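Below you'll find the structure, written out as structure tokens, and then a few comments.
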Amino acid sequence: MIKDKFTITITDINGSRHFYLSQIIKKIALYIIIFVFLFLVLSGFYIKYLDGKVSELDEKKQELLEKTKELEITNEQMQKSVEEKAQQYSMIEDKIAAFEESLGLESENNISITQRLDNLELTNEQQSSILSQIPNGYPIVNKGITGNFGWREHPILKRREFHPGIDLKADVGTPVYAPANGVVEFAGYNENGYGYNVILLHNFGFKTVFAHMTRRDVVKAGQFVKKGDLIGYSGNTGLSTGPHLHYEVRFINKTLEPLYFLNLQRKNMNNFFNTERRVPWQSLIKAVSVQHQV
């Protein structure tokens, strides 16, 4: 045994070999160092590889976050748009329902809005037909109103009475014109306070009454007149406090507010249907439609 060293001797048929422990330790240490070095090198490469993967994942995560934000913004915009469209749709449905009610139409839930609008739509020809057949516009030059439709104290009899028409300001001899096509039902003197009186029958159950006129025999009972034809002149006959034209609009003998018909024009026809609810406009529109289909 050499000093300060352990010797390991291995003997076999080929002879004996001697190993010093210090040499073994050196080799082991060398192998360990090499192993550690290789491990560190490989670990560094692996860590770098993992770091690259983490960076890629971070980038993808950031992209997903940005896309998520974009989707959230788009979703909010879509929801807002849907809510606005829903409100508009609801408002349109309410308006259609109100118009259908004013026309006497029953609302049908199983048909589309387009079909419901088609049911309400009046062509220019139909509008012209309605305006020629039901009273509309002023029968005289409009100079103002001196007496309104409704309850009032009679200016001569001094008692509360229902005034079935409207009093239009007019000088004696002002021309009076037919407010729609029709036939003269009566033209003569009325003993019930109307004075000289003309009554016109129009299509669809409408009637117009003109009172306190000057007798000139412009039209006679049974005579057909067209809208705009001269039917007489305003005056001061009957129970009257001064020259004017008393004008009434009736539907199957129900007195209606004449002011609605005085202001009726093509541009406000829809509002008119919604205002005057005592007339079943649905049947009138159907009748006009049938006339144009024949």
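The values are calculated or read from the model by the stated rules, or taken from the named source; none is laboratory data. Everything numeric in this text was worked out from a predicted model, so none of it was measured. Note that we place each Cβ from the backbone using ideal geometry, even for glycine, and neighbour counts take in every protein chain shown. Areas reflect the complete protein model, heavy atoms only, side chains present, ligands, DNA and RNA absent. Shrake-Rupley method; radii C 1.70, N 1.55, O 1.52, S 1.80 Å.
How large is the accessible surface per residue of region 136-279, computed with a 1.4 Å probe and reported in Å² as a whole number?
Values: 7140 Å² over 144 residues.
Accessible area per residue: 50 Å².
Taking only protein heavy atoms and a 1.4 Å probe, the accessible area of region 136-279 is 48% carbon and sulfur. Per-residue 3J(HN,Hα) values for region 135-151, derived from phi via the Karplus relation 6.51 cos²θ - 1.76 cosθ + 1.60 with θ = phi - 60°, read x, 7, x, 7, x, 9, 4, 6, 10, x, 10, 10, x, 8, 6, x, 6 Hz in sequence order (x marks Gly and Pro). With θ taken as phi - 60° and the Karplus curve 6.51 cos²θ - 1.76 cosθ + 1.60 applied, the whole-hertz 3J(HN,Hα) list for region 218-229 is 6, 10, 10, 4, x, 7, 7, 10, 10, 4, x, 6 Hz, x standing for glycine and proline. Sequence-ordered 3J(HN,Hα) estimates for region 158-170 from the Karplus curve with 6.51, -1.76 and 1.60 and θ = phi - 60° stand at 6, 9, 6, 9, 8, 8, x, x, 10, 9, 9, 5, 6 Hz, glycine and proline given as x.
The chymotrypsin sites (Phe, Trp or Tyr not before Pro) of region 132-207 include none that meets both conditions, a loop assignment by DSSP and at most 16 other Cβ atoms within 10 Å of the site Cβ. Pairs exceeding a 27 Å alpha-carbon distance, out of Lys143/Lys267; Lys169/Lys254; Lys158/Lys226; Lys60/Lys85; Lys85/Lys286: Lys158/Lys226; Lys60/Lys85; Lys85/Lys286.
Between rounded, prolate and oblate, where does region 7-70 land on the alpha carbon gyration tensor, with a ≥ b ≥ c its root eigenvalues, rounded for a/c under 1.5, else prolate if a/b exceeds b/c? Intermediate results must be reported in sequence, preceding the final value.
Values: a/c = 10.01, a/b = 5.70, b/c = 1.76.
Prolate, since a/c reaches 1.5 and a/b exceeds b/c.
In region 7-70, the portion of solvent-accessible area held by carbon and sulfur atoms comes to 68 percent [1.4 Å probe, whole percent, DNA, RNA and ligands not counted]. Entry comment: accessible area of region 7-70 is 94 Å² per residue, from protein heavy atoms only and a probe of 1.4 Å. Near Asn190, the amide H atoms lying under 5 Å from its own belong to Gly195, Tyr196, Asn197; only residues 5 or more places off or on other chains count, and H is placed 1.01 Å from N. Rolled with a 1.4 Å probe across the full set of protein chains, the surface gives Ser132 an accessible area near 30 Å².
Close amide H partners of Asn181, meaning residues 5 or more places away or on another chain with modelled amide H under 5 Å apart, are Gln133, Lys227.
Applying 1/(1 + (r/R0)^6) with R0 = 41 Å to the Cβ-Cβ distance of Gln62 and Tyr31 gives a FRET efficiency near 0.35. Residue ranges 136-146, 37-47 sort as 136-146, 37-47 when ordered by packing (mean number of other C-beta atoms within 10 Å per residue, highest first).
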